[in-house]
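Have a look at the structure below, then the notes.
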Amino acid sequence: MNQAVLTFLPALLLLAQVTARADDLAPTVTKLVRQLDASEKTRREDAEQQLLKLGPAVLPLLPSAEDGSAEVKLRLARVRTQLETLRGEQEVKASELTLSGTAIPLSEVIAAIEKQTGNKLVDFRRDFGQQPDKKTFDLTFDKTPFWSAFDQILDQGGLTIYSYAGVPGLALVNRSGNELPRHDRGIYTGAFRVEATEVSAKRDLRDATGQALKLDVEVGWEPRLAPIAITQAAESVTAIGDNNEKLGAAPNGEFEATVNPGDATASMPLTFSLPSRDMKKITSLKGSFSVMLPGQVETFRFEKLTSGAPIEQRKGAVKVILEQARKNNDIWEIRVRVVFDSPGKALESHRTWILHNEAALETPGKESINFAGLETTRQADNEVGVAYLFDVPDIADHTFIYKTPTVLMNAAVPYELHDVALP
């Protein structure tokens, strides 16, 4: 008999509570925003502090950065920045799993994890060409952080993660006989798992500057997150060897992991000066990476597509402009510009996350039509232009639907790796 004990809060209930709280706060936020322009400085400062105390739930309720006096804009920008940072810190905390029992089927383990943590898991063995044999688990977890519990489950079941499956969530496959146990192979820091995966030393015998130690660090995240970028300042990294020698990080300013939409992990290459030959391992590697996350996703609906006039909508800190809908032979082209108030480095040209935002046509019968192709028409520090192509006869009575996060959050994630063997 399966004795699994499950405790969870359904995601829909949580979402409803958050939405209800935001609706309840709307009148208060409106009043405080007006007070930001009060004649007395003490009242302006009090309003700013009161907005901060309301927490990240008010972010969707804050007006555009384009609205109000210079004083209001300045104070709203400060409030938004601090609340986005706070929300980012909350998002990167570890989910927890409570699950106890014997002979628990894999399907029930997956269901429990998804309900309790919001992390999507997929049994990908059949798609991977493997026989999906029936697995059962004997587990005892009580508010155990996600990655610690999940690695133990994978070890017990002889499973691993296939990072490039292109499916929502983590794809589970049978591990090879050579793979070492996952639990405690890396370290767990909030919603992230960090592991040193490969070390190489290079000595150029003809160039005194061509000497370096390269260390690949794999960063995994709970699949409920969808990082846009993961970076690490070189000065935030310190490495000390078993001979007490300190390695110097290459002075290139910043390391960055390549984050591809749909992947479950990303590799961050670190470069150090070549250590002396008597160093056998790095006993301590400390760092802190910055992760950029999408916040609340909003839906923009555009009608009267063939009117010829641009249509502009704003929600939170983002503005979406439907510039033009035109027919090119048999293809309809819908041109959109997405403008963020303060995107930071999120829209740099090598980051393509925004091209994976949802975009579709909706027929009068509520049928969704996906685009047949797209192309980038504009790239700037705070905006991106995209042309979506649709292979349909006419769009006069259709609605264009576009979804994008309206808030981009940043959070710092510290870590420390131990006993990294050198070649």
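Some points to look at:
- Over all other residues within a Cβ to Cβ distance under 14 Å of GLN50, the charged ones net out to +4, with Lys and Arg as +1 and Asp and Glu as -1.
- The calculated FRET efficiency for the pair ASP278 and ALA412, based on their C-beta separation and a Förster distance of 25 Å, comes to about 0.15.
- With all protein chains in place and a 1.4 Å probe, the accessible surface of the chain carries 49 percent carbon and sulfur.
- When only the Cβ of Lys, Arg, Asp and Glu is charged (+1, +1, -1, -1), the dipole of the range 277-362 relative to its Cα centre reaches about 560 debye.
- Solvent-accessible ranking of ASP207, ASP381, ASP263, largest area first, probe 1.4 Å: ASP381, ASP207, ASP263
- Here the translational diffusion coefficient of the range 295-381 follows from Stokes-Einstein with Rh set to the Kirkwood radius across Cα pairs; for 10 °C and 1.306 mPa s it amounts to 109 µm²/s.
- Within a Gaussian network of the chain (alpha carbon springs, distance under 10 Å), most fluctuating of ARG337, ARG206, ARG125: ARG206
- Charge dipole magnitude, Cβ of K and R +1, D and E -1 - the range 210-270, Cα centre, debye nearest 20: 40
- At the listed q of 0.21, 0.25, 0.28 Å⁻¹, the Debye profile of the range 158-226, built from one uniform point per Cα, gives log10 I(q)/I(0) equal to -1.00, -1.24, -1.36.
- Counting only lysines at least 8 places from LYS41 when in the same chain, those with an alpha carbon closer than 21 Å to its own are LYS31, LYS53, LYS73.
- Modelled spin-label separation between SER368 and ARG326, with each label point placed 7 Å from Cα along the Cα-to-Cβ direction: 2.9 nm.
- Helix 106-117 and the long axis of the chain differ in direction by around 50°, with both axes built from C-alpha atoms.
- Read-out Cα extents along the principal axes in Å, derived from the coordinates shown; its label in [x] 84, 44, 40; [y] 78, 47, 43; [z] 69, 55, 52: [z]
- In terms of its C-alpha gyration tensor, the range 111-228 has a prolate overall shape, because the principal axis ratio a/c (a ≥ b ≥ c, square roots of the eigenvalues) is not below 1.5 and a/b outweighs b/c.
- When shorter helices are ignored and each DSSP H run of at least 4 residues is given -39500 (n - 2.57), the per-residue value for the chain at 222 nm works out to -6500 deg cm²/dmol.
- Candidates SER342, SER163, SER69: whichever shows maximal mean-square fluctuation once the chain is modelled as a Gaussian network with Cα springs under 10 Å: SER69
- Computed from Cα positions, the angle between helix 41-54 and the longest principal axis of the chain comes to roughly 60 degrees.
- Checking the Cα-Cα distances for LYS304/LYS366; LYS304/LYS403; LYS115/LYS315; LYS246/LYS286; LYS315/LYS403 against a 21 Å cut-off, the pairs over it are LYS115/LYS315.
- Close amide-amide hydrogen proximity is noted between LEU408 and GLY295, each under 5 Å apart and 5 or more residues distant or on a separate chain (H modeled in the peptide plane; Pro and chain starts excluded).
- Share of pairwise Cα-Cα distances greater than 17 Å in the range 341-423 is 62 percent (whole percent).
- Pairwise FRET efficiency - ALA38 versus TYR164, Cβ, R0 = 51 Å, nearest 0.05: 0.40
- Simple Cβ-charge dipole of the chain, Lys/Arg +1 and Asp/Glu -1, about Cα centre, in debye nearest 20: 420
- Selected from GLN116, ILE282, PRO414, residue furthest toward positive end of dipole (the chain; charges at beta carbon): PRO414
- Computed from Cα atoms, the angle from the helix 11-35 axis to the main principal axis of the chain rounds to 50 degrees.
- Listed residues GLY316, LEU247, SER273: farthest to the positive end of the dipole of the range 191-330 (Cβ charges): GLY316
- Kirkwood-type hydrodynamic radius, the range 243-397: 19.2 Å, calculated from all non-identical alpha-carbon pairs.
- Using the Cα coordinates of the range 218-287, the gyration tensor eigenvalues translate into equivalent-ellipsoid semi-axes of 28, 13, 9 Å, sorted from longest to shortest.
The values are calculated or read from the model by the stated rules, or taken from the named source; none is laboratory data. What you are looking at is a predicted structure, and each value in this text was computed from that prediction instead of being measured. Every residue, glycine as well, gets a Cβ built from its backbone with ideal geometry; the counts of neighbours run over all protein chains shown. Remember, those area values only see protein heavy atoms, side chains included, never the ligands or the DNA or RNA. Shrake-Rupley method; radii C 1.70, N 1.55, O 1.52, S 1.80 Å.
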